[in-house]
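Structure first, then comments.
The values are calculated or read from the model by the stated rules, or taken from the named source; none is laboratory data. The shown structure was predicted, so the numbers you read here are calculated from the model rather than taken from an experiment. Cβ: placed from backbone, ideal geometry, glycine included. Neighbour counts: every protein chain shown.
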Amino acid sequence: MAHTESAEAVRAERSFIRYSMGQPLLSRERERELAIAWREEGDSEALHLLTHSYLRLVIAIAAKFRNYGLPMNDLVQEGSIGLMQAAERFDPYREVRFSTYASWWIRSAIQDFVLRNWSIVRTGTTAAQKSLFFNLRRLRARIEEQSGQMLDEEGRQRIASELAVDINDVRMMEARLSGSDHSLNLAVGEDGEDEWQSFLPDERPDPEENTRQSHDVAVRHTWIAQALGELDQRERMIIEQRRLRDEGATLEELGRELGVSKERVRQLEHRALGKMRVAISSRTEAPRDLFLENV
């Protein structure tokens, strides 16, 4: 069954390539005419003719990325998305051919697809890392051909200089491209009884630790609520707005609200905190400074 599906996929791919290569080439004038019809009038037939005439461009660019081990039809599909994006954004009034403009969008779409799917582990996100990913093999092959030996530190430094990246990035990318991803369900050892995931440490808190943490949080909340009950209305308002909110009010803001100076608010806050420390200490055996960690 798998062989049949594979054969069908190959036939479909070849059929698509024949269809794409059979589409007529467009002159600059015809290309511009179709682009204007789509841009100004929303002519879907013009868009169809414009994009289908450059499917051969998608195939040509996609073929350059076959060495990354991804199916050709997937690469072509992503390139076609880039082609459609180019058609949506192309300005026919600029002095540039659509094919030139579309090439950038097609290549960008395919490169992003390769980076997303070539490995489960992300290979790189910055422009420099992407450039390193797509150029390392070519530069390594050129340097090895010139020197007649495997890539050494001097060669890695040449690559780092040419691509304006750190040599450590070159080393890591070289190792990354030389390896491959492994399933966590892959068997370990000859008997195959254990899997790789069996040796991964579980760093999550155990149920007992979760229960203890939840209990501690509940107890601290109770202490604070009881301590707030020892304050008068003005002191409680200062503590709540200064200490119990994500963005606490400033001394100046509270001073204006209460009609007192910033210094007076600071004194009231200090006095209120003192009362709460005493209240917490009198109800528990906890250290007196424990409150400061939570308020």
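Contact map, segment 54-70: first residue over 30 Å from R32 (Cβ atoms), second residue crowded, with 17+ Cβ neighbours inside 10 Å, Cβ cut-off under 8 Å, separation 6 or more or different chains; pairs are R66/M72; R66/L75; Y68/V114; Y68/W118; G69/W118; L70/F113; L70/V114; L70/W118. If the condition is being within 23 Å of L49 (Cβ to Cβ), in contact with a Lys or Arg (Cβ under 9 Å, 6 or more places away or on another chain) and not in a helix (DSSP H, G or I), then segment 64-122 contributes F90, D91, P92, Y93, R97. Restricting segment 39-53 to residues that are over 14 Å from W105 (Cα atoms) and either touching a residue at least 24 places away in the same chain (Cβ under 8 Å) or outside the structural domain of T100 (by TED's automatic domain parsing) (or both) leaves a set whose member that is surrounded by the fewest Cβ atoms within 10 Å (Cβ to Cβ) is H52. Within segment 230-241, the set of residues being free of Cβ contacts under 8 Å to residues at least 40 places away in the same chain and either of a type in the set (G, A, S) or touching a helix residue (DSSP H, G or I) at 6+ places or on another chain (Cβ under 6 Å) (or both) comprises R236, I238.
Quick check: anything in segment 2-19 crowded, with 19+ Cβ neighbours inside 10 Å and not basic (K, R)? Checked segment 2-19: no residue is crowded, with 19+ Cβ neighbours inside 10 Å and not basic (K, R).
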